[in-house]
Structure formats: C-alpha cells, structure tokens
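What follows is a short report on a single structure.
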Amino acid sequence: MNILNNGRFGLGAGAAGAMKELLRLTAQHANTRKQFGKLIREFGLVKEKFGKIAVRAYAMEAMAYLTTALIDGGRKDCQAEAAICKIYGSESLWLSVNDCLQVMGGAGYMRSYPFERQMRDSRILLIFEGTNEILRLFIALSGIQGPAEHLKALAPALKSPLKHKDDLIAELQRRAARLYAPPQFEGVHSRLSSSSAKFSRLVASFGAAVDGAVAKYQKNIMGEQLVLKRIADITIDLYGMAAVLSRATKTLSAEGEESAAAEHEALLAEAFCAEAAVRVNENVAGLNSPKKTTDGAIGKIADTVLDAGKYVAKHPLGF
Ligand SMILES: Cc1cc2nc3c(=O)[nH]c(=O)nc-3n(C[C@H](O)[C@H](O)[C@H](O)COP(=O)(O)OP(=O)(O)OC[C@H]3O[C@@H](n4cnc5c(N)ncnc54)[C@H](O)[C@@H]3O)c2cc1C
C-alpha cells in the first residue's frame with residue numbers, strides 16, 4: 001500500500017509537470033500561428049484554454065507541495081491525500097491535453113507533433129495505480145469513518161433523548177456552531193479573504209451534508225456509489241482550495257501584494273476557488289436532496305441500456 005501511495009502521489013506531481021510542458025509547447029504555436037489576420041492567441045476561445053490549464057497546473061502543484069509538507073512533517077497516513085493527487089492530476093492532465101491538441105488544430109492530430117502521443121500516454125493515468133473510480137470510493141469511505149463513529153456514539157441519545165439530554169444538547173450546539181460560526185482559517189493573506197471565507201462556508205456545509213448522508217444511509221452508504229462520488233469530489237476540491245490558498249498566501253507574504261508575480265498567483269488561487277466552489281455547492285446540494293438530481297434517472301436509463309445490451313430509443317423516422 002505504501003508503494004502505491006508513493007506512486008499515486010508521484011503521478012499527480014508528474015501530471016503537473018506534464019501540464020507545464022504542454023503549456024510551453026502550445027504557447028509556441030499560439031504565439032506564432034495566424035488566422036483571420038490575427039495571432040490565434042488573441043482569440044478568447046484560445047486564451048481561455050491557456051488560463052484554465054494554468055489554474056489546473058497551479059492547483060496540482062500546490063496539492064503536491066501540501067502533501068509533501070504533510071509527509072515531511074511526520075504524518076504517517078497520507079493515503080487519502082495521495083489518492084486526491086492521483087485523481088486530480090490525471091483528470092486535469094487529460095482535460096489539458098485535449099485543450100492543447102485543440103489549440104494545435106489539425107497539426108495536433110499528426111504524429112509529427114507530440115500531442116497525439118501525449119494524449120495516448122496520459123489516458124492510462126486514470127486507470128492504473130488504482131482506477132479513479134476505486135480511489136473515489138476509497139477517499140469517501142475513509143473520510144466518513146469519523147462521522148459514522150460519531151453517529152454510532154450518539155445512537156443511545158437519539159433512542160432515549162430524555163435520558164441522554166446533555167449529549168443531545170451538546171450535539172445540537174456543535175451543529176449550530178458549525179452552521180452559524182464556520183471554521184476560520186488563520187494566516188490566509190488578506191488579498192484572498194473572500195476565497196478564504198468561501199472555503200470556510202463550504203467546509204461547514206460539507207460537514208453538515210456528510211452527517212446527513214451518514215444518518216440517512218447508515219451501513220448502506222457503502223453501496224451508494226454516486227453519494228460516495230459526491231463526497232470524494234467535494235473532498236478533492238476542498239483539499240485543492242486549502243492548497244492554493246496556502247501557496248498563494250506564501251507568495252503574497254514573501255513578494256508583497258504589489259508584485260506582479262504575487263498578483264498572478266492570487267488570480268490563479270481565486271480562479272481555482274471560484275470554480276471549485278461551484279462544483280462543491282452542486283455536490284452538497286446533490287447530497288442534501290438526491291431526488292432533485294438526475295442520479296435516479298441516469299441509473300434507470302443505464303439499466304435499460306445494459307438489459308438490452310444496446311442503445312434503446314424509438315427511431316424518429318419509425319424504422
Ligand atoms: C499500460 C499499463 C500498465 C500497467 N502497469 C501495471 C503495473 O505496473 N502493476 C500492476 O499491478 N498493474 C498494472 N497495470 C494494471 C492496472 O493497474 C489495471 O489495469 C487497473 O488496476 C484496472 O484493473 P482492470 O484492468 O482489471 O480493470 P477492472 O478492475 O476490470 O475495471 C474495469 C472498470 O470497472 C470499474 N470498477 C471495477 N470495480 C469497481 C467497483 N467496485 N466500483 C466501481 N467501479 C468499479 C473500474 O474503475 C474500471 O472503470 C497496468 C495496466 C496498463 C494498461
């Protein structure tokens with residue numbers, strides 16, 4: 001397991017390196033290729049891809065450095081962090097290779113350029129060292145152990161509230177405190193205060209949503225893979241937010257707010273946090289109200305397709 005942890009963590013760190021190299025290679029093309037009388041780097045739809053890849057590379061690097069800091073600090077168990085690095089790195093690189101190949105246009109598809117090879121080579125990263133599906137289940141199941149044990153300890157109070165009213169009051173106070181006074185993260189640079197406040201709120205709402213899911217599904221949560229996937233995806237995003245806020249804070253503190261390099265990093269961190277917050281909010285809503293998601297419909301559609309062993313729908317022209 002330790003060998004796999006090193007592999008997973010290293011794979012994520014390597015993916016950050018690959019994204020940086022892809023940015024370098026693709027920037028050469030965007031800075032020289034002209035279409036419609038302009039360099040293609042001037043088109044918003046091309047620029048967007050460079051910005052998004054840079055955010056992913058920054059977040060992946062930040063997660064890698066945070067994880068190494070935990071290991072160097074003596075943390076014995078970094079299995080979940082290693083799995084997070086593997087999932088985020090492999091999926092970010094896959095998206096980034098696709099974006100870069102697109103910026104290269106037809107040339108990207110040709111063997112004389114390195115992009116089609118990058119695409120084939122990066123695809124395996126989602127499969128080996130533990131498939132990303134299995135790793136998501138691992139992250140979620142290891143993460144809910146604490147809340148599940150807490151709920152178990154609370155069971156007598158829930159069964160006989162009057163007999164254990166002190167325990168019940170303490171639990172209600174804990175939940176109210178989490179809701180109305182979310183955890184504050186000390187030391188985040190003031191330039192990043194709005195992202196830091198967002199992070200605090202998301203951590204609190206995630207905690208409440210996990211408590212709710214554990215109470216609702218109890219032991220059966222082991223088989224609720226779409227619920228577990230949401231928990232894992234939120235965990236990955238929150239770890240990424242913690243990592244980018246920490247990294248950008250360090251640069252802002254060292255370089256000063258006026259420095260262009262620090263401002264660039266602040267923008268990278270803010271962009272990651274803003275995008276992650278949208279995903280986290282959607283996943284928390286899915287945990288809180290599964291009936292409002294498409295999970296049920298998608299499951300039924302999949303069963304129909306798998307039972308038939310093929311695509312099923314009446315042909316629009318009646319064939
Ligand atoms: C190029 C290459 C190099 C490799 N190198 C090594 C190596 O050095 N050492 C080594 O040990 N292995 C290696 N492998 C094997 C690799 O680790 C496995 O292919 C990988 O673990 C997936 O196992 P599998 O192929 O049996 O797929 P399966 O386990 O059959 O999975 C098929 C699909 O079902 C999903 N799935 C399976 N079980 C579940 C579940 N319980 N819940 C949800 N989804 C599930 C998987 O995520 C996957 O999407 C290598 C593979 C390749 C292609």
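List of remarks:
- Contour excess over end-to-end distance, with Cα ends at residue 65 and residue 127 and 0.36 nm allotted per residue: 20.0 nm
- Three-way shape label, the stretch 38-178, alpha-carbon gyration tensor, a/c 1.5: prolate
- With a Cα cut-off of under 24 Å and a minimum spacing of 8 residues unless on different chains, the lysine pairs in the stretch 139-278 number 13.
- Peptides 280-292, 149-161, 231-243 ranked from most to least packed give 231-243, 280-292, 149-161, packing being the mean of other C-beta atoms within 10 angstrom over each peptide's residues.
- When only alpha carbons are used to place a centre, the stretch 227-241 and the stretch 60-90 end up 14 Å from one another.
- Computed [θ] at 222 nm, helices only, for the chain once each DSSP H run of length n ≥ 4 contributes -39500 (n - 2.57): -26000 deg cm²/dmol
- Cα gyration tensor shape of the chain, rounded if a/c is under 1.5, else prolate or oblate by comparing a/b with b/c: oblate
- Equivalent ellipsoid, the stretch 145-304 (semi-axes from 5 times Cα gyration tensor eigenvalues, Å): 35, 23, 11
- Among 180, 88, 58, the residue with the largest mean-square fluctuation in a Gaussian network model of the chain, with springs joining Cα atoms closer than 10 Å, is 180.
- Once the Cα-Cα distance is subtracted from the 0.36 nm per residue extended length, the residue 300 to residue 36 segment shows a gain of 90.3 nm.
- Euclidean distance of C-alpha centroids, the stretch 132-187 and the stretch 103-121, integer Å: 49 Å
- Rounded tilt (10° steps) of 260-288 against the dominant C-alpha axis of the chain: 50 degrees
- Between 0 and 90 degrees, the angle of helix 44-72 with respect to the longest Cα principal axis of the chain falls at about 50 degrees.
- With respect to the chain, whose longest principal axis is taken over its alpha-carbon atoms, helix 225-255 is tilted by about 70°.
Values in this text are rule-based calculations from the coordinates and carry no lab data. Everything numeric in this text was worked out from a predicted model, so none of it was measured. Quick reminder, even Gly has a Cβ in these numbers, built from the backbone with ideal geometry, and neighbours come from all protein chains shown.
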